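Notes follow the structure.
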Amino acid sequence: MLGDTGIAVHPEDARYAHLVGREAILPLVGRRLRIVADSYADPEKGTGAVKMTPAHDFNDWAVGERQGLAAVNVMTTRAAILLKDNRDFAEGCDPEGVARVIEALDGADRYEARDWIVRTAEAEGWLDGVDADRHMVPHGDRSKVAIEPYLTDQWFVDTAKIVQPAIDAVRSGEVRILPEQDAKVYFHWLENIEPWCISRQLWWGHQVPVWYARVPDNEANWRRFLEWADQDFTQFGVFPDRPKDTKFGWLEIEVCATDEQTAIVEAKKRIPYEVEIEVFAEDWMNRTSSIRGPMPNEHGVLTVPIWRDPDVLDTWFSSGLWPIGTLGWPEDTPELKKYFPTSVLVTGFDIIFFWVARMMMMQYAVAGQRPFDTVYVHALVRDEQGRKMSKSLGNILDPLELIDEFGADAVRFTLASMAAMGRDLKLSRERIAGYRNFGTKLWNAARFAEMNGCKPDPAFRPEAARESVNRWILGETAAARMAADAALTAFRFNDAANGLYAFVWGKVCDWYVEFAKPLLGSDDPATVAETRATMAWVIDQCLILLHPFMPFVTEALWGQIAARDKPLIHADWPDYGAELIDAQAEREMRWVIQLIEGIRSARAQMHVPAGLVTIPVEGGTFCLPLAGIIDVAEERARLEKSLAKLEKELGGLKGRLSNPKFVESAPAEIVEETRAQAAAKEEEAAALRAALARLAEIG
């Protein structure tokens, strides 16, 4: 109440319409409170009339700005009551009332002051009652205490003047935000932007580059001031206002400059007469409680002090200049010419408006160019159930602990393999362990190649290979390279990682290593030499393509396989492509693989080592004799039972997906997970039906 300067009522509240424009009296100190009509007042809440404290409430400040209410600051920076020598507080108030509350409350804690006011109101009979109410009060993250709005002088950026180029750049496609859905956050913040407060009262950061000075407004008054100063040198510079025996105004100077000397030069330009200016040290400023005008410096020499604003710049203001600041701007450096504008910014969803939007605004404002052409917003990492990690849930996976347990490569590859654009990652230890095994698989393949004399051959020409197996794996390598490039170009990192995983583990380790064994043992030296060179080349390509995802194991193998001219991280990214794909070799090897996989699948489904079932492949059908080896009726019953259970589960999933309410209201990740489960069960059911069909052939 000590800072109240008005009362607001709703414009359509008939109860108070006759009072709008009149004044009420604040009982404590007799201050007149103007009654204003403003839509902020809620007629349904309390009395419908709400007191306004513009200096200590954000909403009240907004009402005060609209209605022209005064803002009276009645607190210190530590939320203690500040009334003594507070001119704004005392203005227009009853002197006796002011003296009473100063004696009772000056320096008191805010909560003590509120209790005193309630007790006083009750004792003096102007308290109507106390009602319980629940309302939102912000608390400090670290201090855990209630935060009081506090009116201070701050530096602001008039963002409305610089925001439009940042909006237009994304609208026109000059800068892309991926996933595109995240552009909504960007546009919402920029299109509803407020002035940006960029000054902070902290001990660290970039200090605000503004210097201040205060001098008499003309030379005649300057000389009169010097005469006064000679008469009373001890008072020099410590009065909050001009000397009482003079009748002249002051010239308030603010200079924005990159350094002290520039600030002095610029300040002199704004003073209409010759003076000496000196930057006063911070410790000197701290010893002088109220520097307001010319004063003696540390050496007793009369001078005009110029001092720097003690505030620092907002972190996001400083980091908003990151694209050019890191390259030497404002100097026109070679690095700035070479690397700016940059290409891709990878960042998190939660700082799109904190950082991305501000970098866009500031680069267009000061450099006239976009800071980057693409913003890739990566997903959030959640636990395997899709919950946000938190200490209270006990589901935090510490990346350092994961690296210690599984290795950095396994953790990196796991994150990449799950980084589907626009979807959060559901991380689990089991998934990471699987990709650690992938690293082991790669290592074993490289060891196999080494044990069989497969060393990189500078003269090797992939397009000259003769053996079908070698031509096939060279084509698969080319296809994997092209698919990885396409995925990386489209920022589909999960597709790139999973495609390389399927190629390295499935094609190279599982199939090519096995197919190559007979060739490496061939009596034909040319076949052996070609296969060794091919395997060495393919292993090298695996290392190059996997290096962005698994840098450590690939770099280690690169150095161990052979002596190199440069480390793997400096190796050229390959550009081979369709010219290495041999359609005939691909057809031959697909036929062989299809046959082997068919036999393996049939044996697994029938739970026997061999039997009589048909395996159709291109150009014919193979048969495995099973009659007399298995109990067909028993096997059919087992498969039918499994299929019935699976179809029941599948029916439940399809029912959920066919329900519009589920699809529309359930979280997107839950809907997507349900679709994935349904697809997996469809595939499993198809396999069981195929097994039953094979049994039907037996009888």
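The values are calculated or read from the model by the stated rules, or taken from the named source; none is laboratory data. Note that the structure is predicted; figures quoted are calculated from it, not measured. Counting neighbours? That spans all protein chains shown, and the Cβs are built from the backbone with ideal geometry, glycine included. Calculation scope for accessible area: heavy atoms of the full protein, side chains included, ligands and nucleic acids excluded. Shrake-Rupley method; radii C 1.70, N 1.55, O 1.52, S 1.80 Å.
The residue list V528, P518, L543 was ranked by how far each Cα lies along the charge dipole of region 518-567 toward its positive end, using unit charges on Cβ atoms, and L543 comes out on top. Scanning the chain for trypsin sites (Lys or Arg not before Pro) that sit in a DSSP loop and have at most 14 other Cβ atoms within 10 Å, the longest stretch containing none of them is 248-386.
Considering only W155, V130, I117, the residue lying farthest towards the positive end of the dipole of region 109-167 is W155, judged by Cα position with unit charges set on Cβ. Here the accessible area of region 505-563 is 61 percent carbon and sulfur, with a 1.4 angstrom probe and all protein chains present. Normalised per residue, the accessible area of the chain is 56 Å², obtained with a 1.4 Å probe and no contribution from ligands, DNA or RNA. Mean sequence separation of contacting Cα pairs (under 8 Å, at least six apart), scaled by the length of the chain, corresponds to a relative contact order of 7 percent. Dipole magnitude for the chain: computed about the Cα centre from +1 point charges on Lys and Arg Cβ and -1 point charges on Asp and Glu Cβ, it is near 1840 debye. Expressed as a whole percent, the accessible surface of region 1-40 that belongs to carbon and sulfur atoms is 52, based on a 1.4 Å probe. Calculate the length of the line joining the C-alpha centroid of region 367-393 to that of region 179-225, in whole Å. When both Cα centres are located, 30 Å separates them.
Note on the chain: helix-only mean residue ellipticity at 222 nm, from DSSP H runs of 4+ residues weighted -39500 (n - 2.57) and normalised by residue number, equals -14000 deg cm²/dmol. Taking GluC sites (Glu not before Pro) as exposed when their DSSP state is a loop state and no more than 13 other Cβ atoms lie within 10 Å, the longest site-free interval of the chain runs over 332-617. Positive-end ranking of L427, P458, N444 along the dipole of region 419-459, with charges on Cβ about the Cα centre, is headed by L427. Using the Kirkwood radius over Cα pairs, work out the Stokes-Einstein diffusion coefficient for the chain at 20 °C and 1.002 mPa s, in µm²/s as a whole number. The diffusion coefficient I find is 63 µm²/s.
For the pair region 62-103 / region 432-487, the C-alpha centres are spaced 78 Å from each other. Only Lys, Arg, Asp and Glu carry charge here, each on its Cβ (+1 for the first two, -1 for the last two); on that basis region 405-520 has a dipole of about 100 debye about its Cα centre.
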